[in-house]
Structures are given as structure tokens and as C-alpha cells.
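Presented below is the structure to which this report refers.
Each reported figure results from applying straightforward, stated rules to the coordinates on display, with no laboratory input. Predicted, not measured: the structure shown is a model, and the values here were computed from it. Backbone-built Cβ (ideal geometry, glycine too); neighbour counts: all protein chains shown.
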Protein chains: 2
Amino acid sequence: MSHIIGKGHCLTCPIRYRSIFANLSEETLKSEIKDFHTSILTCRSNDIIYEQGEPSKYAYTLRNGLVKLTKSLPDGRTQIVRILKKGDLFGFDGFAKEDYNHNAITISQSEICRLPLSSLGLLRSKNTEIDTAMMTSWIKNIREAEDMLLELGAKKAPEKLASFLLKWCEGLDDRDWIKLELSRSEIGDLLGLTIETVSRFLSDWRRLGFIEELKGSIIIVDSKGLKEKACSSGSC
Amino acid sequence: MSHIIGKGHCLTCPIRYRSIFANLSEETLKSEIKDFHTSILTCRSNDIIYEQGEPSKYAYTLRNGLVKLTKSLPDGRTQIVRILKKGDLFGFDGFAKEDYNHNAITISQSEICRLPLSSLGLLRSKNTEIDTAMMTSWIKNIREAEDMLLELGAKKAPEKLASFLLKWCEGLDDRDWIKLELSRSEIGDLLGLTIETVSRFLSDWRRLGFIEELKGSIIIVDSKGLKEKACSSGSC
DNA sequence: CGTGTCGTTGAGTATCATCAAACGGAGTGG
DNA sequence: CCACTCCGTTTGATGATACTCAACGACACG
């Protein structure tokens, strides 16, 4: 279970500059913050932040760790609809007077800032910087969802997996290892594949020398080879 | 090709109450509108409103007809990421300083209102009603995209197709025909299936008496039967 | 009456899911 | 320290699902 360890302090928040409060002046932050009751949640891996159908009273900002947003069918088949990284805002369905539309579950040990939607709404209406930041974040959400729809609807298994890996490792120097963070099952839930297909392709690519894996970390050794093999049509 | 037939008149706009200007008072509309240069586009079916990668200078409101937003892979495989109905707002990527992330193409003869993003942004910052309406619309976009991700990633062909049909016919009385509007190919592009699989299942269901089709219109005769056959796991 | 587009249907096949078994590392308890 | 379980992963064998290729019919349009 997650639990609250205290009140948040925006001014000293380590990820403030990646959050929706990034462009807010310190003066505004100081003057507004006194009426603003944030809580910091610390979570282990696999903690549930909220579930689909619950009334949406809080928005959240991820300070540290990773969170997955998922939806499920009655028989248990699950789709990950988004993976949240440091600074991401989520759980804002209440702004549209709707219940949460997905489950939010931690993938790793995480620290999450909880913001009451009511106060956040007030703050937003009074500070254009926050407003702009939230708008930008929503539009980015939409764009990323559209990109994922193309991945899920149009691509074949190896293409999905390869572009997932390439995106995951994006911006890294060659020879830089990165924690994969996701289990085979979670990669499957994200890409609409089974554990086995994910495992098979990764094993293939390991044998072909495109990637290496070690204790949950991964490195793309030969991205060109990977692209040629998995994305013949230039899809990655 | 689409072409401009004139300037929009918000006050007399037939779909104003379904648009982001729904809750704006007539006074505000009157006073603000003079600096606001909207254009009305009339389009045949299959007209391109904008394409992915173009700079996003305008947002659009669909007044009449249907529009599909699509993304494509280099080899031509296409995914429909959203289908727009009367009153829907689209093309707002520019608010996040981004180019259009998808193509916008009419599916039927359509009438579209073009709004310069710069003026819309101003209007939004001055009128909370518009602001709220746009926020709500974005959040709805995100929620619907999440729902589609579950459709595409987790469901099998007959489940996808059945829930598409049920959603398309949602809210209709029994014995009410509705135009299907989409070709087999477009249904395929929406659900991540081929023309042939779409056609096969529809033929099956026609033979089983679940649906009837006539000159591009459709009716669900036996939604219970359809659900049982296509969505055994309660997925529709 | 051709021509083109869209939809249907069939046959064959590739892809990916399913089922099943075994492996390896982490953690536990004797 | 070893045996044990547990969990995630790997690998193999098999099969169903949905794709591909192809032919044909229906309909609209010039």
C-alpha cells in the first residue's frame, strides 16, 4: 500500500521544473501555496494509486519512479495506455466532471505528489503559466496516444517491439545501459502482445547481437541492424 | 479540394451549442467576434484539411459531415486515430507549439469552420467558458484515445468490430437505420483489421440475422445475439 | 457498354497466441 | 549449505486467427 509521508513543499520540490509549476514565479508559489494542500505519497512497486471508475478528486504529479495507466476487459486482458515518467501529471479526469478512466499503478518504488483538483483548478484559473503548462501537457497526451494507436493498430509484433526499445533508449549514448523497468508481461500489455512473443523476439535479437540484457538493464548494440531486421518498411 | 465560401457567423452558427462557444453569452460573442476571422470551408468527401507535419496555424470545428484523423507508416499502412462528429474541435496542436500530428480528411461532404489559433488563444484566455470547454474537450479526447487503445491492443477482430458497431448505433431506437458512413477499408483502418476480415464478419452476422445492411445504412437487429457471439467475455 | 471502385468469397499461409515444460535466480527454511 | 518454492523468463510444439492473394459480382459513372 501507498502511504502519505507528509505535505509537499513546492518551493523545494526536486522536480518542480519538470512539472506544471515550472514557469511559476517563486513569489506566486509562496503566496498561493499556503491554501494548497498537497500530500506526498511513497509507494512500493505495484501499488494502486487509483482505479477506473473511482470519482476523480485528485490529480497527481509523479516525482520519482514509474507509473503505468491501464485499462482492462472483464476477463482480465489488460492494456497499458500510458507510462508516466518523472514530472508527469495524471488523474485529471475530474476536470471534465468524469471518474477516472483507467487504473494508475506504480511499476517501481515511487514518490507521488497528490493535488486536490479543486485547489488545482483555482490555481489554474488564476495563473496563466499553470494553465498553459496543463494545456500543453494535455495536448502532448493526445499526441502520444495517437502515436500509440498507430503502433497498436498498424504495426506487426517485431515492429512494435523494436520501436518500443528504440524509444525507451532514445537519447542515450552508445554503450549506455538503461534499466528496462518493465517486465515481459508489461511490455506485452503495452504493445498488445503476449509474454511469449516479446520474449522470443528479444531472445532472437540478443542472439543476433542487436541488443544485450543484464539483470533488468538493456543496451541497444546495433540499432541499425535492429531497424533493418524488425522494421523493413522504415516503420521505426 | 475544399474551398472557402465565406466568413463564419458564430451567432447564427447552427452547431454553436455543440461547440466550444456553447456557454458563451451572446453579448461576449458579439463584442469579441469582430476581431475574430473565421472562415467556412465546404468540402467534398476525401478532401484533405491538413496533413501531418504541417505547421498548425488553425484549429477547426466540424459543422457538418464527418472527418477522420489518420496517421500512416511509410509503406502506406494507415490508422484512423479519431473520427470527428458535428461540433468537434480539432487541429489544436499549435497550442503546444507543435505541428499537426495527423492528417485530417473528410469522409463525407462537410462544412468546417476554420479558426486562427492566435485569435482563439486570446479568446480562450479572456473567457473562462471557452477555456473550460476546450479543457473538457481535450480531456475527452484523451479518454477516448485510451478507450481505443484498449480496443486495438486487447481485443480480437470480432470483438473490435462488434463494439464498433454497437457504439456507432448507440442511442438509437430499435428498428432505426443509421448511415454507416465508413467504407470497409475505413473500418479496417480504424480497428487495425483488413478489408476482408471486416467484410467476412459483417457477412456472417448478416447471415445470422444480427444485423442488416442496405445501401450504406445499417441496423442492429439483435444486439444481444451479436454480443454473445462476438464478445463472449463480456468485452462489449 | 466498358471502366472503375467497392464489397464478397475462397484458398492458402504467415503470424502470433496458446498450451506446456523447463530453466534460473531470489528468497525461505531446515 | 542445501533443498525447496516461487516467480519471471525461455523455449518448443501446436493451432487458431487474421492476413495475403486472387477471382468475381454489384453498382455507379461516363
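Let me know the mean shielding of B:92-102 by other chains, meaning the per-residue number of their Cβ atoms within 10 Å of its Cβ.
4
Grab the other residues whose beta carbon is less than 9 angstrom from that of A:Leu11, score K and R as +1, D and E as -1, and report the net.
+1
Can you give me the Rg/Rh ratio for the range B:106-149, using Cα atoms for both radii and the Kirkwood formula for Rh?
Using only Cα positions, Rg/Rh for the range B:106-149 is 1.09.
By the scheme Lys and Arg +1, Asp and Glu -1, what is the net charge of all other residues having a beta-carbon under 12 Å from that of A:Glu54?
-3
What is the spread of the Cα atoms of the protein assembly as shown along each of their three principal axes, largest first, in whole Å?
59, 56, 42
Take the alpha-carbon centre of the range B:68-141, take the same for the range A:151-211, and report the distance between them in whole Å.
A separation of 31 Å, based on Cα centres.
Would you work out the relative contact order for chain A, in percent, from Cα pairs under 8 angstrom that are 6 or more residues apart?
18 percent
Relative to the longest principal Cα axis of chain A, at what angle does helix A:157-168 sit, 0 to 90 degrees, rounded to 10?
50 degrees
Please compute, for peptide B:74-86, the average count of beta-carbon atoms on other protein chains lying within 10 Å of each residue's beta-carbon. Could you put the intermediate results ahead of the total?
Details: counts 5, 6, 2, 8, 3, 10, 3, 9, 4, 0, 0, 0, 0.
If you average over the peptide's residues, the count of other-chain Cβ atoms is 4.
Could you calculate, for chain B, the ratio of the Cα radius of gyration to the Kirkwood radius, expressed as Rg to Rh?
Ratio value, two decimals: 1.00.
Grab the other residues whose beta carbon is less than 9 angstrom from that of A:Ser2, score K and R as +1, D and E as -1, and report the net.
Within the 9 Å Cβ shell, the charges total 0.
Taking the label point as lying 7 angstrom from Cα along the Cα-to-Cβ axis, what are the distances from A:Glu144 to the corresponding position in the remaining copies, in ascending order and in nanometres?
Copy-to-copy label distances at A:Glu144, shortest first: 2.1 nm.
On a 32 Å Cα-Cα criterion, which of the cross-link pairs A:Lys160/B:Lys85; A:Lys68/B:Lys179; B:Lys126/B:Lys167; A:Lys30/A:Lys85; A:Lys229/B:Lys156; A:Lys57/B:Lys85 come out too long?
A:Lys68/B:Lys179; B:Lys126/B:Lys167
Dipole of the range A:126-236, Cα-centred, from +1 at each Lys and Arg C-beta and -1 at each Asp and Glu C-beta, to the nearest 20 debye?
On the way: 17 positive and 20 negative charges, 61 e Å.
The dipole magnitude comes to about 300 debye.
Quote the convex hull volume per residue of the range B:147-233, based on C-alpha atoms, as a whole number of Å³. All intermediate terms of the calculation are to be shown ahead of the outcome.
Numbers: hull volume 7.9 nm³, N = 87.
About 91 Å³ per residue, rounded to a whole number.
Label-to-label distances across copies for B:Pro14, with labels 7 Å out along Cα→Cβ, in nm, shortest first?
5.8
Can you tell me the orientation of helix A:117-126 relative to chain A, as the angle in degrees between its alpha-carbon axis and the longest Cα principal axis, to the nearest 10?
80 degrees
If we hang a label 7 Å off Cα along the beta carbon direction at A:Ser108, how far is it from the matching labels on the other copies, in nm, shortest first?
Spacings between copies for this position, smallest first, are 4.9 nm.
Taking a Cβ-Cβ separation under 4.7 Å as the criterion for a possible partner, which cysteines of chain B have none?
By the Cβ distance rule, which asks for a partner under 4.7 Å, the isolated cysteines are B:Cys10, B:Cys13, B:Cys43, B:Cys113, B:Cys169.
With axes computed from alpha carbons, what is the tilt in degrees of helix B:128-154 against the longest principal axis of chain B, rounded to the nearest 10 within 0 to 90?
20 degrees
Starting from the amide H of A:Val221, placed 1.01 Å from N in the peptide plane, find each other amide H under 5 Å away whose residue is 5 or more places distant or on another chain.
A:Ile211, A:Glu212
Please state the relative contact order of the range A:155-230 as a whole percent: Cα pairs under 8 Å, 6+ residues apart? Provide the component values of the computation, followed by the final result.
Working: 71 pairs, mean separation 27.3, N = 76.
It comes to 36 percent, rounded to a whole number.
Within 10 Å of each Cβ of B:130-139, how many other protein chain Cβ atoms are there on average? Intermediate results must be reported in sequence, preceding the final value.
Working: counts 0, 4, 4, 0, 2, 9, 4, 2, 10, 12.
Average neighbour count from other chains, rounded to a whole number: 5.
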